[in-house]
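Engineer: I'd like to ask some things about the structure below.
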Amino acid sequence: MSKIDWRPILPDDLREYGTVIDAAFRLSSPLHYLNDFPVWEPTIPNQPNRFQLGGWTEGRLAVTASLRIAPYRTETETLSLGLIGAVATNPADQGKGLGSEVLGALIAEGESRGVDAFALWGSESPLYKKHGFDFAGIQVRSTFDHLKIEGELLSGFEVRTGWEESIAEILLTRKQGLLYRDADILWLSRHRGVEWRTLWQEGKCLAYCGWNRGIDLANLVHELGGSDIGMRTLLEFITRRYTFLELLHHPSLEAIGITSWADPEYLAQFRTMNTAKVTPQVLEKIWLSGMDSC
C-alpha cells in the first residue's frame, strides 16, 4: 500500500476535501455535503475545538474525518462530548483500512483532550463496532397526528421566516444541552437548506424551530427551542400549516406538554470513555438536535 501522509485539513484544501466527501456519500450537484454540515467547512475560522485530519497518497486526499469537542450540560454536571463526522474515504482508496486508521486517530486526539464520550451518526457498521461504538440514547420521530400539545398557548404573536440572530441568542444562553460559543454561530447560520421559523411577541423572540437539513433530515423538524409557552405555541402553529412534517425530539418534551405516541429509537452511536460520568442512564437523558449532531 502507498505511504499515507497525515496532516490537518486546511482552508486551501476546501475544494478537494468537499469533492472527496461528496463522492464518499454519493452526492452529486446540486447536493453538497458541506451545505448541510458547514460545521466541517475548513474555511470557517476560530474553531479551536475542531480537529480535522486528512490522509494523502500519490497527491490525492485518500481519507478524512473530523472531530468537534463541545461541553454538554446535564441537570447536575457538564460532560465533554466528542462529536465525530465527515468520515469519508476516497472511492479510489476504499478497502485499505484507512477509515479505521483515521477514526482511531480522532479517538486518540479526543482522549488526549479529556473527552468523556464520543458520538457519531451513521448506520450500523463493522468499522464503528471495531472502535467500541454502540447505539444508545433516545429520540422519537413523530408524525404530527401522533402529537398532543397541552398547556397555555400565546395569542397576538408573529411568526417570521428565515435565520434570525435571536436564534443564536437563545442557543448561547440555554441552561442544558450542548453548549455553543460565539464562534459557532457563523457555521450555524450557514445551513443553506434549513427552513427557520421564529415566534415573536412585543418585539421579543420567544421560540424558534427549524426543519429540512438536507440530505438526512428532510421534512423533519429537528430544532425547537425557547420558552415553554413559546415552543408549545410555535409547534401548534407549525402542525396546522405544515402537515407533511414530522418532529424529531426527546421524550423530555413531555415536561412542557408535548406528548407523542410514537415509539422511541436510538439517538446515535456512542463510545464511552468515562464510565463513571457517562452511565447508560445519563445517555438516555442526552438530546442532540439536528444542528448539534455532526
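Engineer: Starting from the amide H of residue 206, placed 1.01 Å from N in the peptide plane, find each other amide H under 5 Å away whose residue is 5 or more places distant or on another chain.
Structural biologist: The list, which skips near neighbours in sequence, is 199, 200, 201.
Engineer: So, one more: For Cα pairs less than 8 Å apart in space and 6+ apart in sequence, what is the mean separation divided by the residue count of the stretch 122-275, i.e. the relative contact order in percent?
Structural biologist: With pairs under 8 Å counted, the relative contact order is 39 percent.
Engineer: Percent relative contact order of the chain, based on C-alpha pairs within less than 8 angstrom and at least six residues apart?
Structural biologist: Contact order relative to length: 22 percent.
Engineer: Sorted from fewest to most neighbouring beta carbons within 10 Å, what does the list 142, 123, 100 look like? Present the calculation step by step, with values, prior to reporting the outcome.
Structural biologist: On the way: 142 22, 123 6, 100 16.
The order, fewest Cβ neighbours first, is 123, 100, 142.
Engineer: Then there is this: Extending each Cα 7 Å along its Cβ direction at residue 215 and residue 152, get the distance between those two points in nm, one decimal.
Structural biologist: 4.5
Engineer: Let me ask something else about it. Can you give me the long-range amide H partners of residue 61? Hydrogens built in the peptide plane at 1.01 Å from N, cutoff under 5 Å, separation of 5 or more residues or another chain.
Structural biologist: Answer set, sorted by chain and number: none.
Engineer: How large is ³J(HN,Hα) for each residue in the stretch 106-122, as worked out from phi by the Karplus curve 6.51 cos²θ - 1.76 cosθ + 1.60 (θ = phi - 60°), to whole Hz, x for Gly and Pro?
Structural biologist: Ordered by residue, 3J(HN,Hα) equals 5, 4, 5, 5, x, 4, 5, 9, x, 5, 7, 7, 9, 9, 8, 10, x Hz.
Engineer: Return the tail of the calculated pair distribution for the stretch 139-265, meaning the percent of Cα-Cα pairs more than 18 Å apart.
Structural biologist: So the portion of pairs separated by more than 18 Å is 52 percent.
Engineer: Okay, next question. I need 128, 208 ordered by Cβ neighbour count within 10 Å, fewest first. Numbers along the way, then the final one.
Structural biologist: Values: 128 22, 208 25.
Listing 128, 208 from fewest to most nearby Cβ atoms yields 128, 208.
Engineer: What order do you get for 141, 181 when you list them from fewest to most C-beta neighbours inside 10 Å? Working shown, then result.
Structural biologist: Values: 141 16, 181 13.
Taking fewest neighbouring Cβ atoms as first place, the list is 181, 141.
Engineer: May I ask you to compute the full-extension gain from residue 134 to residue 201, defined as 0.36 nm times their residue separation minus their alpha-carbon distance, rounded to one decimal in nm?
Structural biologist: Taking residue 134 through residue 201 to full extension adds about 19.8 nm, to one decimal.
Engineer: Quote to one decimal, in nm, the extra length available between residue 143 and residue 169 on full extension: 0.36 nm per residue of separation minus the C-alpha distance between them.
Structural biologist: Numbers: separation 26, 0.36 × 26 = 9.36 nm, distance 2.89 nm.
So the chain would gain 6.5 nm between residue 143 and residue 169.
Engineer: Tell me, what HN-Hα J-couplings in whole Hz come from the Karplus equation 6.51 cos²θ - 1.76 cosθ + 1.60 at θ = phi - 60° for each residue of the stretch 158-163, using x for Gly and Pro?
Structural biologist: So the Karplus estimates, Gly and Pro as x, are 10, 10, 10, 9, x, 5 Hz.
Engineer: From the list (1) 20.7; (2) 19.0; (3) 20.1, can you say which value of Kirkwood radius over Cα pairs in Å was derived from the structure given?
Structural biologist: Computed from the coordinates, Kirkwood radius over Cα pairs in Å corresponds to (3).
Engineer: If you don't mind, another one. Can you give the relative contact order of the stretch 32-115 as a percent, counting alpha carbon pairs under 8 Å and 6+ residues apart? It would help to have the intermediate numbers written out before the result.
Structural biologist: Details: 110 pairs, mean separation 21.3, N = 84.
This gives 25 percent for the stretch 32-115.
Engineer: If you don't mind, another one. Output wanted: per-residue J couplings in Hz (rounded whole) for the stretch 177-186, from phi through Karplus 6.51 cos²θ - 1.76 cosθ + 1.60, θ = phi - 60°, x for Gly and Pro.
Structural biologist: For the stretch 177-186, the Karplus curve yields x, 5, 8, 9, 10, 4, 5, 6, 5, 4 Hz.
Values in this text are rule-based calculations from the coordinates and carry no lab data. Nothing here was measured: the structure is a model prediction, and the numbers come from that model. So basically every Cβ, Gly included, is an ideal-geometry build from the backbone, and we count neighbours across all protein chains shown.
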